[in-house]
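Only the coordinates and a few stated rules stand behind these numbers; no lab work does. It should be emphasised that the depicted structure is a prediction, and the values quoted were computed from it without experimental measurement. Ideal geometry is used to build each Cβ from the backbone, glycine not excepted, and the neighbour counts take in all protein chains shown.
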Amino acid sequence: MAKKLYVGGLSYNTTQEGLRDAFAQAGNVESAIIITDKMSGRSKGFGFVEMSTDEEADNAITTFNGKELDGRTITVSEARPMTDRPRRDFGNRGRGFGGGGNRQKNWN
């Protein structure tokens, strides 16, 4: 069964192919993805690698955690399951972002 790993501290220059190739040294890589910003398309500096077996995943953790990849020290650990998070409203209670709601009028 495949095991997903979290990889943090990635260089902005690291590509998905480079990540896959590096982790292939520890075993069979099912998938490798780098998380990117929706607006800019730039890497957020972390990603996920899915290894074929638990043994290969454990080997990847011991091989790469705290090691350097593309000039940056990376963190590798078992990925936590994704959880539902509450929607963030940024305190916008339906008033819009225009501001000025509490301004006093100067009629001097």
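So here's what we get for this one:
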| quantity | calculated |
| --- | --- |
| Point-charge dipole on Cβ atoms (K/R +1, D/E -1) for the stretch 3-78, about Cα centre, debye to 20 | 420 debye |
| Order of Y12, Y6 - criterion: other Cβ atoms within 10 Å of each residue's Cβ, fewest first | Y12, Y6 |
| Rounded to whole Hz, the Karplus (6.51, -1.76, 1.60) HN-Hα couplings of the stretch 11-19, x for glycine and proline | 5, 5, 8, 5, 9, 4, 5, x, 5 |
| Cα gyration tensor category, rounded, prolate or oblate, for the stretch 3-78 with a/c compared to 1.5 | prolate |
| Residue order, fewest to most surrounding Cβ atoms within 10 angstrom, among T14, T53, T73 | T73, T53, T14 |
| Backbone HN-Hα couplings from phi across the stretch 35-48 [Karplus 6.51/-1.76/1.60, Hz, Gly and Pro as x] | 7, 10, 6, 5, 7, 9, x, 7, 4, 8, x, 8, x, 9 |
| Relative contact order [Cα under 8 Å, 6+ residues apart], the stretch 3-78, whole percent | 43 percent |
| Net length gained if the chain between R42 and Q25 were fully extended (0.36 nm per residue, minus Cα distance) | 3.5 nm |
| Derived scalar couplings ³J(HN,Hα) [the stretch 74-81; Karplus, 6.51 cos²θ - 1.76 cosθ + 1.60; whole Hz; x for Gly, Pro] | 9, 10, 10, 8, 5, 6, 7, x |
| Interchain or long-range residues, amide H under 5 Å from T75's placed H | G8, G9, G66 |
